[in-house]
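**Student:** Structure in structure tokens, see below.
The numbers here are math on the coordinates, done by the rules we state, and not lab data. Owing to the predicted nature of the structure, the values given are computational and were not obtained by experimental measurement. Here the Cβ is made from the backbone with ideal geometry for all residues, glycine too, and neighbour counts use every protein chain on show.
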Amino acid sequence: MLLFSLLFYSLLETLHSTGKLKIAAQIGFDLSFLKFFEFVDIEDAAVCGTAMKKMERLVVEDITRNPVFLGSDALNVLLNEGVRDVQSTPLISRSSQLIGIISTHFNRIHIPSEHELILIDILARQAADLIECKLAEEILSRKRGLLESVVRTTDFMLVFFDPQFNFVWVNPAYAEACKMKPEEMIGKNHFALYPHAENEAIFRSVRDTGEGVFYKDKPFVYPDQPERGVTYWDWSLMPVKDSGGNVTGLVLSIIHRHIPIASVFQVDIRSSLRFLEFL
């Protein structure tokens, strides 16, 4: 009977600097075998290491006669496991990067048929696609986590609106300026909370034209916080578009708020005039 076992090596992103493969999944091997071949690089006496080096499939019909294994400890480990034939096929991403190796082992000398190699190629293609997708998700997750950390701790005020100007997401700095909690704002309409005909017209223009805007020292009065008086803001409003160019949302970025220098001078002049009148 022809015994078959499967070994899958993954070239993990964290191992790229060392060029080592690490066992990610296996069927049919003992613990001693898995421990010996847990990590493999291109210089090791292993079929998968040679396949990784050459970036092509390697079939060894008889491991006892192959120069890769002659005089190596790996040969004894393979023989003790009952292995006589090995093939290793690289897993190549759609961007032509090596991301793993899939190997099959047999307990007697065996030349893979064309049909068997086609099946292995299909399996390798599917495995490569799944790994590439997983790696992309992990990278995206890390970037998303970093971005989330930045926008939650920055003093800049950031908001994401849907096309109807309802709050979809706000960062703590913006919510604090509004004297609300972020979760209290989600789903509410911006102009229901802060009616402002001019600003609403700006929002509609950005949404309808798909062109962003930037304002400096733009005055605003909080209707629910009249004690603050006139506040001044530097802010930008940018559209978010889908692949078809349609606006799916708006991002409001408020860089900082301050009293313009000209206004400060006016306050100082008025104070000086009052002081002179008193004299």
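**Student:** Only counting other Cβ atoms within 10 Å, I'd like H190, H196, H105, H115 sorted with the fewest neighbours first.
**Tutor:** If I rank by nearby Cβ atoms, fewest first, I get H115, H196, H190, H105.
**Student:** Which number comes out as Rg/Rh for region 154-266 once both Rg and the Kirkwood Rh are worked out on C-alpha atoms?
**Tutor:** 0.97
**Student:** With a cut-off of 18 Å, note down the residues of region 223-250 whose backbone N falls inside the zone around a label point 7 Å from the Cα of S205 toward its beta carbon.
**Tutor:** 233-240, 250
**Student:** Of the listed pairs K20/K241; K54/K134; K134/K179; K143/K188, which have alpha-carbon separations greater than 31 Å here?
**Tutor:** K20/K241; K134/K179
**Student:** Using a simple spin-label model with points 7 Å from Cα along the Cα→Cβ vector, what separation in nm is obtained for D30 and V59?
**Tutor:** 2.9
**Student:** Hey, rough spin-label estimate for D121 and F156, points 7 angstrom out along Cα→Cβ, what's it come to in nanometres?
**Tutor:** About 4.9 nm separates the two model spin labels.
**Student:** Now a separate question. Determine the dipole magnitude for region 4-146: charges of +1 sit on the beta-carbon of Lys and Arg, -1 on that of Asp and Glu, nothing else is charged, the reference point is the Cα centre, and the result goes in debye to the nearest 20.
**Tutor:** 400
**Student:** Please compute the contact order of region 172-258 in relative form: average sequence separation of alpha-carbon pairs under 8 Å and at least six residues apart, divided by the residue count, as a percent.
**Tutor:** 21
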